[in-house]
1. Roughly what would the spin-label model give for Ser210 and Ser253, points 7 Å off Cα along C-beta, in nm?
2. Can you work out the accessible area per residue across the chain, with the rest of the protein chains kept in place, probe 1.4 Å, in square angstrom?
3. Summing -39500 (n - 2.57) over the DSSP H runs of n ≥ 4 in the chain and dividing by its residue number, what mean residue ellipticity at 222 nm do you reach, to the nearest 500 deg cm²/dmol?
4. What does the net charge come to around Leu262 if you take all other residues with beta carbon closer than 13 Å to its beta carbon, with K and R at +1 and D and E at -1?
5. Between the alpha-carbon centers of segment 55-102 and segment 201-248, tell me the distance in whole angstrom.
6. Which option, (i) 55, 45, 37; (ii) 70, 45, 30; (iii) 70, 49, 31, is the value of Cα extents along the principal axes in Å that was calculated from these coordinates?
7. Through the Karplus equation 6.51 cos²θ - 1.76 cosθ + 1.60, θ set to phi - 60°, convert the phi angles of segment 144-150 into ³J(HN,Hα) values in whole Hz; use x for Gly and Pro.
8. Can you pull out the GluC sites (Glu not before Pro) in segment 79-119 whose DSSP state is coil and whose Cβ has at most 14 other Cβ atoms within 10 Å?
Amino acid sequence: MLSLEVCALPVTSREERSAMLPAAVDTALWIRRFHPNPDANVRLVCLPHAGGSASFYYPVSESLTPEVEVLAVQYPGRQDRRNEPCVESVTELADLIVEALDPWSDERPIALFGHSMGATVAFEVARGLERRGRPPVALFASGRRAPSRYRDDQVHLKDDRAIVEELQTLSGTDSRLLGNEDLLRLVIPVVRADYKAVETYRCEPGAKVSCPVSVLVGDSDPKATIEEARAWSEHTASAFELQVYPGGHFYLSAHQDRVTDLLLDRLVDSAAAFLGQPRGVL
């Protein structure tokens, strides 16, 4: 289910937000390790959807351990970070995450997985890591159209009722929450801020990553058609694959085992290649 958390009122401009940023990013605020494993050969950084939190990826971490150590990202404005302002820019959010990942940039490979808004953020994080000479070994983009494919969505400008209707359409939110007006008054700001970030994002023309890109999408996802998902192929200089599953925007909830099996298979291969070992050795 979609995890909606309380968000502090967002800053109204990027300049104001930048003025409030600390001189150094506190990694402990950003990264959650549900199953720490310093001996894992590869790390998978997981980025949540709009309104989501790091805890959404607990089942993924549980399924992939011990072979893969999951680093789940916690955006500001939710759960234990609810008193911090939300970040209303995908590129700014990605820059902060790149900073937070710096202590994890050791000799082990890193891969990225993002669902929905998280896929777009993951793309920009990958680009940021590349600029630092630490490119990821793989990028998994789930439930999101390619960075260069836009729609005239303006959900973040609509009233609260329209945002609730949007969440109902995606079928990823507990119906009990949607029927609780007191809770909705608390969680709608985080959804609005995240939607603003992803709806106002514009990809740099010709932007690509150097790592392989695997795209996962539901065959009836209202947020990403098959062709919009296939267009991710334009954003990698390496291999590309498209995996289509039965279901809508939150197809992965019904196909968790299939998704994690795919992730494990690709990550083992990526780690082996990174470490110069034959497939199946790790």
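1. The modelled label-to-label distance comes out at 3.9 nm.
2. Averaged over the residues of the chain, the accessible area is 43 Å².
3. That comes out to -11000 deg cm²/dmol.
4. Working: positive: Arg258, Arg266; negative: Glu241, Asp257, Asp261, Asp265, Asp269.
Around Leu262, the charge tally is -3.
5. When both Cα centres are located, 21 Å separates them.
6. (i)
7. 8, 5, 4, x, 8, 9, 10
8. Glu107
The values are calculated or read from the model by the stated rules, or taken from the named source; none is laboratory data. None of these values were measured; they are calculated from a predicted model. Cβ sites come from the backbone with ideal geometry, for glycine too, and all protein chains shown count toward neighbours. Just the protein is used for accessible areas: all its heavy atoms, side chains included, with ligands, DNA and RNA removed. Shrake-Rupley method; radii C 1.70, N 1.55, O 1.52, S 1.80 Å.
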